[in-house]
Every structure is written in C-alpha cells, then in structure tokens.
Amino acid sequence: MFLRYLQFWLRSGNAHAIHSPFVFQLYNQVIRNTKPYYCFETLEDSRMDLLTSQESITIKDFGAGSRVNTSKQRKIRDLAHHSEKSPNLAQLLFRLVNYFQPATIFDLGTCLGTTTLYLAHGYKHAQLYTFEGDLGLANLARQRFEKFHCSHIRSVVGNIDDTLEEALKEIDRLDFVFFDANHRKEPTLRYFEQCLRKSDENSVFVFDDIYWSEEMQQAWQQIKKHPSVTLTVDLFYIGIVFFRKKQPVQHFTLRS
C-alpha cells in the first residue's frame, strides 16, 4: 500500500492543479476544510466506546473480508479499529453530505455504524438507507442510531446482492451513495450500474478503498471511463464521481 500511495503522491496535485471552478470550490471548502463541526466530538466519543469494548460478536462477511482477521468471532474493539472508517475520512463524508445536502443517501456497508452516523449528521433531512449483511452488526448499529435519535436512518439487513435492488425500487432518485460493501471488482461495478439507474446529473457517488487491491484499481479505472461519468476526484482513500452534464470530462488526482 505504501508503494501505491507513493505513486499516487507523485502524480497528484493540490489547488494549483485544479482548472475547474466547481472542483476548486469543492477542494477548498469541503475536502481541505479542517473546521470542527458540532457533532464530531460526540461521534468520536462514541467511537472510543467501541475501541475500548470487551465484547465479541460472531459475524458473517459477504464482502472481500478482512486482511487482519479472518475469524468469524471478532472483538468489537478490533472491528472498530480495522473496519470502521478513520475520523478524517468519516468527517470528509460528513462534509460532502453537508455540502451537497442529498435527499436520499445509500450507505453500502454499515459495519458498526460510525460512518453511517457521520453521513446522517451531515444532513438530517435526508432519507438514509444503510446496508449490512450481518444481523448482529446491524443490530449493534441500530442501537447506536437510536442513541443518537437518528430516525431518518433505515437499516437494510441481508446480502446486498439481494437487498440493493429491492431498496432501489422504493426510491425515485438516488442523490448520494457511499460504496463500501464489497471490495472486489465485479460486485463494485455491478452495484455501480444498479445505482446509476436512479441517479441524475446532481448525484454524487463515493467509492471507498479504490487502491485496496488490483481489482479495485481496475474497477475505479472502468468507472472513470463510463459514458455517464463526467468528473472524478481521486483522493487515494476514496474516489468521488459526478455526472454533471454541462461539465467537460475531467479527472483530478488530488492530495487531501
């Protein structure tokens, strides 16, 4: 991963490399913004509770699995450490939602719900669907959602290969998606195509871990070439995709 990041860093740029007013504003007001928002401290206190938990849970992983622990029996603190998104990334997702204010959000991969809570706090008027294959994890996450009074979160439990299509039938438009369910090429591209059917030119798709493996790098390159995609922002840990019809096709690789 270090070599991949070094290669990314050598070809990436900063604000001086941006020749798009839309991306320049996004980069300076959202991506590079270090302002501590009202909910960050509380959400990080909740994360600390998970990181110090002594409890264990038996889980069924439908995705690419963990590189750290392949056991079905996992300690909650280990899941919080290795599977939850970092504070920096979770807070960036909050800022993206806060900036674009999407009415409908799909969070493909709940885990313990930390990222979901950041998305939910980003825009409390959104209808947020969060997808988790394992019932035990989904129940733990639901308890946290209730603690934060996030009634606009709907937890969808089951194999996303089955549940995503059903959830898409319930909505008219999909404004924001965070893809973090399965770090393999074929499922990632399949979920992308499914969600694309309910997108419009204002939708925002965010893909996690685009350099996680050769497969994910291939998936990211294929997504960038899709005829519906007009603009992408590669931040190494995530890739952001836009479908702005009046936007010339551009692909940015930027240091965050």
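The values are calculated or read from the model by the stated rules, or taken from the named source; none is laboratory data. Keep in mind it's a predicted model, so treat the numbers as computed, not measured. Glycine gets a Cβ as well: all are built from the backbone with ideal geometry, and neighbour counts include every protein chain shown. Just so you know, the surface numbers come from the protein's heavy atoms only, side chains and all, with ligands and any DNA or RNA stripped out. Shrake-Rupley method; radii C 1.70, N 1.55, O 1.52, S 1.80 Å.
So here's what we get for this one:
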| read-out | value |
| --- | --- |
| Complete set of residues in segment 28-52 that are in a helix (DSSP H, G or I), of a type outside the set (A, V, I, L, M) and over 26 Å from His81 (Cβ atoms) | Asn28, Gln29 |
| Answer residue from segment 44-77, given it is of a type in the set (Ser, Thr, Tyr) and farther than 15 Å from Gly133 by Cα and is modelled with the lowest pLDDT among those | Thr70 |
| Counted residues, segment 3-27 - those being in a helix (DSSP H, G or I), farther than 30 Å from Gly113 by Cβ and open to solvent by 40 Å² or more (accessible area, probe 1.4 Å) | 11 |
| Hits in segment 160-171 - residues which are open to solvent by 20 Å² or more (accessible area, probe 1.4 Å) and without any contact (Cβ under 8 Å) to a residue 40 or more places away in the chain | Asp162, Thr163, Glu165, Glu166, Lys169, Glu170 |
| The listed residue being over 23 Å from Gln247 (Cβ atoms) and touching a residue at least 12 places away in the same chain (Cβ under 8 Å), out of Asp180, Asp175 | Asp180 |
| Those residues of segment 116-130 which are open to solvent by 10 Å² or more (accessible area, probe 1.4 Å) and either of a type in the set (Ser, Thr, Tyr) or not in a helix (DSSP H, G or I) (or both), in sequence order | Tyr123, Lys124, His125, Gln127, Tyr129 |
| Residues located in segment 131-149, provided they are in a helix (DSSP H, G or I), among the small types (Gly, Ala, Ser) and surrounded by 15 or more Cβ atoms within 10 Å (Cβ to Cβ) | Ala138, Ala141 |
